[in-house]
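Participant: Quick one: the structure is below, questions incoming.
The values are calculated or read from the model by the stated rules, or taken from the named source; none is laboratory data. Predicted model only: the values in this text are computed from it and were never measured. Backbone-built Cβ (ideal geometry, glycine too); neighbour counts: all protein chains shown. To get the accessible areas, we keep the full protein, side chains included, count just its heavy atoms, and leave off ligands, DNA and RNA. Shrake-Rupley method; radii C 1.70, N 1.55, O 1.52, S 1.80 Å.
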Amino acid sequence: MKEKHEVTIQKKWKSALNKWKQIGIYYMVISLMRFSLLRGEYLGAKVGNETEHRMYGLKCYRFCGWYMFLLNIAVSGLVVQLLYKNETYSYPGILIFAFATYAFYSFIMAVVNVVRYRKLVNPIFSAAKMLSLASAMVSMLALQTAMLTEFSGIEQEIFARNMNFITGSAVCLLIFGMAVWMIYRANREMKKL
């Protein structure tokens, strides 16, 4: 009996480590993207004339689009673990409401900022806003998962799994679409210069 209990504990630890590895990869890709955008803004300021500055910004925007594919792989890994291994998020007590406030605020601000910076006046700012939108969508997925875990019972497990599948797939497809759009748009704008 003791060996069976130890095996169960080992499986739970292994499962938790896999989940945290995926989350770590996700945040590592986001950090790498933010660092490259910050570096791009810093180095872009040193470029000579306005045309070269814009070209450099568009290259950073396109590079961020390629990074979005990497981000999509990390998010897809999180969604797969969520669906097939049923690894959900849970927040104790009132913390779930604080997370909900954060998730909704970040999502609303991300949408507002993407609309505000859609003109590509500064491509690096536009890329940062697209990254914020992708991050906010993942936060909304995590919120949905936590709320379904917290407020639904065992009998609603199929509903929760279906909702997580639909939302997770939508988030992955939207991030993929954002990546394709960023690369296409940067290439189109670079040809105009």
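Participant: Quick one: accessible area per residue over the chain, 1.4 Å probe, rounded to a whole number of Å²?
Facilitator: Here the residues of the chain average 62 Å² of exposed surface.
Participant: Say the cut-off is 31 Å between C-alpha atoms; which of Lys21/Lys191; Lys21/Lys192; Lys46/Lys192; Lys21/Lys119; Lys46/Lys191; Lys21/Lys46 go over it?
Facilitator: Violating the 31 Å Cα-Cα cut-off are Lys21/Lys191; Lys21/Lys192; Lys21/Lys119; Lys21/Lys46.
Participant: Share of the chain's accessible area from carbon and sulfur, percent, 1.4 Å? Mind showing how you got there, number by number?
Facilitator: Values: 8170 of 12050 Å².
Ligands and nucleic acids excluded, carbon and sulfur give 68 percent.
Participant: Let me ask you something else. Using +1 on the beta carbon of Lys and Arg, -1 on that of Asp and Glu, and nothing else charged, what's the dipole of the chain about the Cα centre, debye to 20?
Facilitator: Value, rounded to 20: 660 debye.
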